[in-house]
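Any read-out appearing in this document is the output of simple, stated calculations on the displayed coordinates, not a laboratory observation. These numbers were taken from a predicted model, which means no experiment stands behind them. Glycine also receives a Cβ, built like all others from the backbone with ideal geometry; neighbour counts cover every protein chain displayed.
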Protein chains: 2
Amino acid sequence: MSTSIRSRSFLGLFLCLAGGLASAQSQADRPNIVVYLVDDLGWQDLSVPMWNERTPFNDHFRTPAVERLAATGVRFRQAYSCAVCSPTRTSLMLGQNAARHHVTQWTRDPSRDPSGKTERLGSPQDWRLEGLQPGAPTLPSLLQEAGYFTIHAGKAHWGAAGTPGSNPRQLGFDVNIAGHEAGGPGSYHGEKDYSAHWRNGSRVWDVPGLEHYHGLPIHLTDATTVEALKAVDRALDQKKPFYLYLAHYAVHAPIEEHPPYADAYREAGVDEPESKYASLVAGYDASLAAVLRHLERRGVAERTLVVFTSDNGGLSVHSRGKTPRGTGKNTHNWPLREGKGSAYEGGTRVPLVVSWAKADAEHPIQQRLPIEAGGVRETPTIIEDLYPTVLRWCDVRPPAQHPIDGVDLSPLLTADEGVSRERPLLFHYPHVWGPKGEGYQPHTSLRIGEWKAIYFYQPRRWELYHLTQDIGETNDLAERAPERLAELSSRMMQLLQERGAQWPTVLDTGEPERPIPPRQD
Amino acid sequence: MSTSIRSRSFLGLFLCLAGGLASAQSQADRPNIVVYLVDDLGWQDLSVPMWNERTPFNDHFRTPAVERLAATGVRFRQAYSCAVCSPTRTSLMLGQNAARHHVTQWTRDPSRDPSGKTERLGSPQDWRLEGLQPGAPTLPSLLQEAGYFTIHAGKAHWGAAGTPGSNPRQLGFDVNIAGHEAGGPGSYHGEKDYSAHWRNGSRVWDVPGLEHYHGLPIHLTDATTVEALKAVDRALDQKKPFYLYLAHYAVHAPIEEHPPYADAYREAGVDEPESKYASLVAGYDASLAAVLRHLERRGVAERTLVVFTSDNGGLSVHSRGKTPRGTGKNTHNWPLREGKGSAYEGGTRVPLVVSWAKADAEHPIQQRLPIEAGGVRETPTIIEDLYPTVLRWCDVRPPAQHPIDGVDLSPLLTADEGVSRERPLLFHYPHVWGPKGEGYQPHTSLRIGEWKAIYFYQPRRWELYHLTQDIGETNDLAERAPERLAELSSRMMQLLQERGAQWPTVLDTGEPERPIPPRQD
């Protein structure tokens, strides 16, 4: 190890003397990173099982590229993001929990909070309605400073319209493909200019920067992929390692077909909404396959790490058609309860796979950073963990004064140990997302080990679940296990305060509403 | 005029002193050119009538972008290319008739003549099997020298494999998108990598240079369009006028669907092969629409001239499904006889439309070069005319020693006069294309005014048609109008000799086989 450090210092000196050659050396020395984030992708929206048994959804969907990644890499079966998108994306950018960074809700309009209200409560005052803004040590900005070529492709959704943070180039990306303030596309169809204008929808959803594709039958997922691969080539041509954040707008609404993938579903008798949804799933997978293949073509697959994940639980409280578990709200997240925006597992549990783009145990860089092929991990993880993890992979240190809530997941690449399973994971969503349903009230939840406590701010209520025995959260143990609940609630309050969390606002008084500790009988 | 010449000389001086500003001036001063050439597009494969009456095909196909061009520009109803592709493309590049440039047949393999043989005759010795090669004053090379940014997009098919001429960048193009030696694509489908490999087809048809699109459901027409528009942006960013030669592989075989355009045809009860063909037609038109729109978006439509045409008559002697004129060989070229490769009108008559991308009579450049909106022209034209025409538009002179057979068509943009209707148009195809059928023997034909004479080298036979009275060439007047035939045959021989034509080779002797003059009774 000390030899390697010494040679790296020598390299630093050499860099000053001979930029070109040194950066070529540096490219070989450091991995490329692809964070492949699918929007609104549920825990069951892939053919790789994420539960401890295969579900009908794993047969329903066909995602051979994710299967390939899972076969050569490690699959995390207890991975989490936030309940909605901007909080997740900001946590990834900063390594911080939403309770700390205060982008606790999705953003777009800097003058209008998109949150709903309960009878009694509104959003926290001064949550970061403007979203993430320049100046913070974002993941791409640190990589950029370290010589990486940083590429944003797809949905950004960090900063509100008109603010610098709406532009990924202000947040550390060298290239911005199709990203801005909006959290969804007007349309997935090039024929519609990726706009909702044709159906009298608002222009605020117009996907920016893909004008060359307008009027042509090219799906947004595909246009984004082509542009992303071209940007990768720019990095390689410059002999720089790259960070590609490929964050597809898919599979977010509007659920529009991705031709030709819906046809096989229709022919199998699947209804129209579900066939369209499945086509978006097939489309992200074909894109991933194209990315992996391009990396191989360019000879860099062996030194490129790929992280596959999602920004929140499956879709929404709306039913999307007849799924393999029947019709009804959130049947598509089964065995999880509810979906995106909810306090339950359907809201936050996401697929997570980490692999080299092409496994090659003999490759020096993979010898330095081995990954167990086909590994399965039960250690719980949360989105902000990716920040220290990627920085570690790239040998980049964040500024000492920057507080980080995530932990380096690297030890988990070789064995299911080295990261505590008892580490508390905090989910702070003090907002009303909008849709009515179970668990969509303002809430904070905490997972420690097998246990999960949820506090709803209105009606003020604690729930407690044992996730291993009851992944569907059907059996509330709050009354039967008061000591466990007390332990989790106390830890939750401590974390919220440590992280400077903001609280829902009592509409009548304007005062913050803190959680009321559970009754100790 | 003299003022304008003087100001241009001053400009030349200025160019040396201040490159950037001067080239911006020069860009405003000179038109951009788009030559939009659709491969194998028949005279009836569009919704704009090319005959003097509307046909069922004009209702069958929907090409609103070509309609728009025809409405703002001039439609040539008696326009010709050669009977197959490489000869046409070479004539366009050189301004010369095929009898002169000797690329009389399509090219690909430099060691194998693709022509068939009759019982008695083979190809001319030393026809340019290697195709067009660097060194000649090609249209793009002259424009390039004059400061144009020159873009090749789509099918090239000029030089045989392994020769410099197979690469458009060796022939005067700054950019080559997808062009090489092959005259067709392995597949139109990105999912198939634009290759025929998936159906065990030869790799020689693999479309080059679109690797970023591989594995994605993006049609070749669309990928080519996106790349072409990006290249246009490069020109504009460099403040250069551009020459865009957008020569789609479509609608050449393989007749594969262009989604989503086939569905409307299927739903209307059109059979599968014809629905697919119609989708390729709709696809080239949507591409043209996207080009026109991009030029508007970039603010250069008013100074961009668009030429829409085809490289030979419709498709082939093969039936392609049930067309609006029923099933059977070449029913799709009705009212013309036969199709691609043939001596009859179906082999060589093509659509031709010339228009500003956006008409604006007040624009200075359009005041200098006005085009009659909705004009219809009956003056016959031939593909090599485009060379002097485009050079004239761009104010570029070809080298004095370079023989040019085409004439400047510019006068026809304002009225159907200024180019002689009695000018002889020569078609020299001393090869057997391959398919059997009427008119597919080695031949030379000559059109003068309303009359057309055809000489078939085997069996040695003259035919004579009056095209206005008999566009379908059903009534051979060779015996009834011997004086007319004598006049045409004599002029044909004179032209062939002037242009240094090569003759079919007698297989037994290796001697050239010249036409035998018609019998004078």
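Numerical summary
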{"quantity": "Partner aspartates and glutamates for B:Lys358 [C-alpha distance under 15 Å; skip if fewer than 8 residues away on the same chain]", "calculated": "B:Glu67, B:Glu296, B:Glu302, B:Glu372"}
{"quantity": "Ratio of Rg to Rh over the protein assembly as shown (Cα coordinates, Kirkwood Rh, two decimals)", "calculated": "1.06"}
{"quantity": "Table column - 3J(HN,Hα) (Hz), segment A:285-290, Karplus curve with 6.51, -1.76, 1.60, x for Gly and Pro", "calculated": "5, 5, 5, 4, 4, 5"}
{"quantity": "Positive minus negative residues near A:Lys155 (Lys, Arg vs Asp, Glu; Cβ under 11 Å)", "calculated": "-3"}
{"quantity": "Under-5 Å amide H pairs with A:Thr107, H placed in peptide plane, nonlocal only", "calculated": "A:Ser86"}
{"quantity": "Relative contact order (%) - criterion: Cα under 8 Å, at least six apart; region: segment A:426-506", "calculated": "24"}
{"quantity": "For segment A:426-506: rounded, prolate or oblate by the Cα gyration tensor [a/c cutoff 1.5]", "calculated": "oblate"}
{"quantity": "Sequence-distant residues sharing a close amide H with A:Val35 (under 5 Å, placed H)", "calculated": "A:Leu244, A:Tyr245, A:Leu246, A:Val307"}
{"quantity": "Centroid-to-centroid separation of segment A:203-234 and segment A:391-441 [C-alpha atoms, Å]", "calculated": "31"}
{"quantity": "Using a 7 Å Cα-to-Cβ projection, B:Gly374 label spacings across copies, nm, ascending", "calculated": "7.3"}
{"quantity": "Relative contact order of segment A:73-169, defined on C-alpha pairs under 8 angstrom at six or more residues apart (%)", "calculated": "28"}
{"quantity": "Neighbour-limited loop hits for GluC sites (Glu not before Pro), segment A:466-521 (at most 13 other Cβ within 10 Å; DSSP other than H, G, I, E, B)", "calculated": "A:Glu479"}
{"quantity": "10 Å Cβ shell holding at most 12 others, DSSP loop, trypsin sites (Lys or Arg not before Pro): longest site-free stretch of chain A", "calculated": "A:113-435"}
{"quantity": "Inter-copy label distances at B:Glu296 (7 Å, Cα→Cβ; nm, one decimal)", "calculated": "4.4"}
{"quantity": "Amide proton proximity set for A:Asp395, modelled H, under 5 Å, gap of 5+", "calculated": "none"}
{"quantity": "Alpha-carbon centroid distance for the pair segment B:250-327 / segment A:254-272, whole angstrom", "calculated": "25"}
{"quantity": "³J(HN,Hα), Karplus 6.51/-1.76/1.60, whole Hz, each residue of segment B:84-94, x for Gly, Pro", "calculated": "9, 7, 4, x, 4, 5, 6, 4, 5, 6, 10"}
{"quantity": "Computed magnitude of the charge dipole of segment A:426-506 (debye, nearest 20; Cβ of K, R +1, Cβ of D, E -1)", "calculated": "260"}
{"quantity": "Taking chain A and dividing mean pair separation by its residue count, relative contact order in percent (alpha carbons under 8 Å, at least six apart)", "calculated": "22"}
{"quantity": "Distance in nm between pseudo-label sites at A:Asp126 and B:Ala146 (7 Å out along the Cβ direction from Cα)", "calculated": "6.7"}
{"quantity": "Neighbourhood charge, 9 Å Cβ-Cβ cut-off, centred on B:Ala99 and excluding it, Lys, Arg +1 and Asp, Glu -1", "calculated": "0"}
{"quantity": "Cross-link partners of A:Lys322 among aspartates and glutamates (Cα-Cα below 17 Å; sequence separation of 8 or more within a chain)", "calculated": "A:Asp45, A:Asp59, A:Glu256, A:Glu257, A:Asp263, A:Glu267, A:Asp271, A:Glu272, A:Glu274, A:Glu338"}
{"quantity": "Cβ charges +1 (Lys, Arg) and -1 (Asp, Glu), total dipole of segment A:380-515, debye", "calculated": "180"}
{"quantity": "Residue pairs, from the table A:Lys155/A:Lys276; A:Lys276/A:Lys340; A:Lys192/A:Lys329; B:Lys192/B:Lys340, whose Cα atoms sit over 25 Å apart", "calculated": "A:Lys192/A:Lys329; B:Lys192/B:Lys340"}
{"quantity": "Prolate/oblate/rounded call for segment A:225-348, Cα gyration tensor, a/c under 1.5 rounded", "calculated": "prolate"}
{"quantity": "Electrostatic dipole magnitude of the protein assembly as shown [Cβ: Lys, Arg +1; Asp, Glu -1; Cα centre; debye, to 20]", "calculated": "1300"}
{"quantity": "Nearest-first distances (nm) between copies at A:Gln494, label 7 Å from Cα via Cβ", "calculated": "10.7"}
{"quantity": "Which of B:Leu409, B:Asn330, B:Leu280, positive extreme of dipole for the protein assembly as shown (C-beta unit charges)", "calculated": "B:Leu409"}
{"quantity": "Cβ-based charge dipole, the protein assembly as shown, positive-most Cα from A:Thr118, A:Gly347, B:Leu425", "calculated": "B:Leu425"}
{"quantity": "Overall form of chain A per C-alpha gyration tensor (a/c, 1.5; a/b vs b/c)", "calculated": "rounded"}
{"quantity": "Proximal charge balance of A:Glu463 [Cβ under 13 Å; K/R count +1, D/E count -1]", "calculated": "0"}
{"quantity": "Backbone HN-Hα couplings from phi across segment A:104-113 [Karplus 6.51/-1.76/1.60, Hz, Gly and Pro as x]", "calculated": "8, 9, 6, 10, 5, 9, x, 10, 9, 6"}
{"quantity": "Segment B:Glu372-B:His197, extension gain: residue separation times 0.36 nm, minus the distance between their alpha carbons", "calculated": "58.2 nm"}
{"quantity": "Label-to-label distance, nm, for residues given as A:Asp233 and A:Val204 (7 Å Cα→Cβ offset)", "calculated": "3.7"}
